[in-house]
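The values are calculated or read from the model by the stated rules, or taken from the named source; none is laboratory data. This structure is a prediction, so every number in the text was calculated from the model and none was measured. Positions of Cβ are generated from backbone atoms using ideal geometry, with glycine treated the same way; all protein chains shown enter the neighbour counts. For accessibility, only protein heavy atoms count, side chains too; no ligands or nucleic acids. Shrake-Rupley method; radii C 1.70, N 1.55, O 1.52, S 1.80 Å.
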Amino acid sequence: MKHVLMTLALVAGASTALAQTITSQSIIVNPVASPLKVNVWTAKDTTGTKTPTYVAGDRIVLNVKTTQDAYVYLFNVDQRGNVNLILPNRFAGGSNFIKANTTKSFPGKEDKFTFDIAGPAGLNKVLAVASTDELDLDDIAQFKEDQQTGFATVTVKGGQNGLAQALSIIVKPLASQDWVTDVAQYQISATVATPPLPVVSNTTTKTSTWKSSFKSTLGLVRVFDFYANQLKRQGYESDEITNSRLQVVGKFTLYDDTTTNLTVKQRPGTTTYDVVLVRTQPQ
């Protein structure tokens, strides 16, 4: 199962007593030094200080770590100001209590779902809020009875400013040393993930096979066309093409009677494709 991550922008502006707006690395900042620290980063940037780039169809993994046992809340905010509460959630592994000095990856390797980047393009940020006490987010995020995604619906209005102000109110009753924040950011490219190019086989046998599996937002027909056009540029002519809902199969012939069968399958309910090229040389 996949969850499409419709990117997020960031939080700015908050009550000056408990939060302040600073650089793009932070949203709301605790003005008091605390032994509790939280770090959030993407799998593409283990330092959490850079801005890795993803394209539509890429899979993203978020990581978070605290220096004390804490409840961690992850908000994804896109460049349009749309907010998603990623953690906690109702998926397996969606608990937000994290033991000290333990890295939690989301989704984890054992989880049966993925986060797939969908867009829109632009700079996106993930805000991590860690607290030694469990926070009451009912005023800004709620799980609906008919909720199918496993994620709470965020009702914050006003984009970045609205989220910052709401979080300032929520953490206000806490002792200053009992909560902290951190931010990771990533860029969504306007391009899309393209399929890998076939590897030219130099085998001396009569039949050679090339296989690849990957994710792409191009769609089944466009993925097939991508490989069909590669073959045509090599001099192949299309003999026969058959289509079904999740599969396209084509047969191509070269001038020396070398044939290549191209099969492109889309895995049900995903943007993952399995491609097989089987080339057969004449006897």
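Please verify whether the stretch 168-175 includes one or more residues that are modelled with pLDDT under 85 and either in a helix (DSSP H, G or I) or within 26 Å of the chain's Cα centre (by Cα) (or both).
no
For the condition among the aliphatic types (A, V, I, L, M) and open to solvent by 10 Å² or more (accessible area, probe 1.4 Å), what is the one hit in V72, V64, V40, V55?
Exactly one residue qualifies, and that residue is V55.
Every residue in the stretch 89-104 that is surrounded by 15 or more Cβ atoms within 10 Å (Cβ to Cβ) and not aromatic (F, W, Y), please.
Result: N89, G93, G94, N96, I98, K104.
If G162 meets every condition in (1) modelled with pLDDT of 85 or more; (2) within 29 Å of V77 (Cα to Cα) apart from one, which number is that one?
The failed condition is (1).
Okay, residues lined up against (1) assigned to a helix (DSSP H, G or I); (2) open to solvent by less than 70 Å² (accessible area, probe 1.4 Å):
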| residue | (1), (2) |
| --- | --- |
| T217 | no, yes |
| F224 | yes, yes |
| A228 | yes, yes |
| L231 | yes, yes |
| G235 | no, yes |
| S238 | no, yes |
| N243 | no, no |
| F252 | no, yes |
| D257 | no, no |
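Tell me the residue from A130, A92, A121 that is free of Cβ contacts under 8 Å to residues at least 24 places away in the same chain and of a type in the set (A, V, I, L, M), please. Can you show your working first?
Values: A130 fails: free of Cβ contacts under 8 Å to residues at least 24 places away in the same chain; A121 fails: free of Cβ contacts under 8 Å to residues at least 24 places away in the same chain.
The conditions single out A92.
Based on this model, can you work out whether Q68 counts as at pLDDT below 90, part of a loop (DSSP other than H, G, I, E, B) and among the polar types (S, T, N, Q)?
No, not satisfied.
Name the single residue, out of those in the stretch 259-273 being closer than 18 Å to S208 by Cβ and polar (S, T, N, Q), that is least open to solvent (accessible area, probe 1.4 Å).
Among residues in the stretch 259-273 that are closer than 18 Å to S208 by Cβ and polar (S, T, N, Q), the one least open to solvent (accessible area, probe 1.4 Å) is T260.
Within the stretch 262-280, can you find the residues that are free of Cβ contacts under 8 Å to residues at least 24 places away in the same chain and either assigned to a strand (DSSP E or B) or under 12 Å from G219 (Cα atoms) (or both)?
Within the stretch 262-280, T263, K265, R267 qualify.
Could you identify the single residue in G13, G57, G48 that is on the phi > 0 side of the Ramachandran plot and modelled with pLDDT of 75 or more?
When all the criteria are applied, what remains is G48.
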